[in-house]
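So the structure is just underneath, and the comments pick up after that.
The values are calculated or read from the model by the stated rules, or taken from the named source; none is laboratory data. Predicted model only: the values in this text are computed from it and were never measured. Here Cβ is always computed from backbone atoms with ideal geometry, including for glycine, and neighbour counts include all displayed protein chains.
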Amino acid sequence: MTRQLEDEKGGLLSGVLRRWRVRAAAPLIAPPILDVGCGYTAPLAARCKPDEYVGVEIEPARLARAKEAFPTHRFVDAIPSGEQFRTVVALAVIEHVSDPDGFAAALVAATQSKGRIVISTPAPVGEVVHHAGARVGIFSRDASEEHDSVMSRDELLATFERAGAQPLRYRRFMFGMNQLAIFRVD
């Protein structure tokens, strides 16, 4: 898929939202990082040395584009089994999975002791706005239709606590439409 086609599918403001999420998360990450759902732009890869970054992308065309953009970085199509990272990042990913508890457990398993997990996800009110904006092409229609599990603050925190992570920080951003949560794994 060409960049133009992928960007068109994304909606007019999808790139703005992606950059906003990265700006919110970037100060919270320390290498080595596992970037789950890195997408075709893999914006966190640009902030890391190649040996300090692994990007995960399950969509083959996006994975190929990320590898093309950052040929010295490592990209895979699944969370690497048996490897652990100081920071595990999943920006705008958990709302796309049908089993948030299993996803949270996989992220915890990939996090080193004393490491952290950085998550962003729409707040329920943000989901309503995103869905309405997707209908008119402002936001990604595909992403909106693929949302399986939009969680409240309490649901998000409880999901990661059940997986064995301890909440460190939580805040809303994007005018309250999005959530950013940081968890510690002991």
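Data table
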{"read-out": "Members of region 47-72 found to be more than 14 Å from Val89 (Cβ to Cβ) and not in a helix (DSSP H, G or I), listed by number", "value": "Lys49, Ile58, Glu59, Phe70, Pro71, Thr72"}
{"read-out": "Odd one out for Ser81, checked against (1) among the polar types (S, T, N, Q); (2) buried (at least 20 other Cβ atoms within 10 Å of the Cβ); (3) in a loop (DSSP other than H, G, I, E, B)", "value": "(2)"}
{"read-out": "In region 108-163, residue surrounded by the most Cβ atoms within 10 Å (Cβ to Cβ) [restricted to those that are touching a Leu at 6+ places or on another chain (Cβ under 8 Å), in a loop (DSSP other than H, G, I, E, B) and at pLDDT below 95]", "value": "Phe139"}
{"read-out": "Cβ pairs under 6 Å, 6+ apart, first in region 22-49 and over 17 Å from Ala61 (Cβ atoms), second among the acidic types (Asp, Glu) and surrounded by 19 or more Cβ atoms within 10 Å (Cβ to Cβ)", "value": "Leu44/Asp35"}
{"read-out": "Residue in region 166-178 that is surrounded by the most Cβ atoms within 10 Å (Cβ to Cβ), counting only those that are free of Cβ contacts under 8 Å to residues at least 60 places away in the same chain and under 11 Å from Ser120 (Cα atoms)", "value": "Met177"}
{"read-out": "Considering residues of region 44-65 that are closer than 24 Å to Phe103 by Cβ and over 15 Å from the mean Cα position of the chain (by Cα) only, the residue surrounded by the fewest Cβ atoms within 10 Å (Cβ to Cβ)", "value": "Pro60"}
{"read-out": "Matching residues, region 72-113, being under 12 Å from Gly55 (Cβ atoms) and in contact (Cβ under 8 Å) with a residue 60 or more places away in the chain", "value": "Val89, Leu91"}
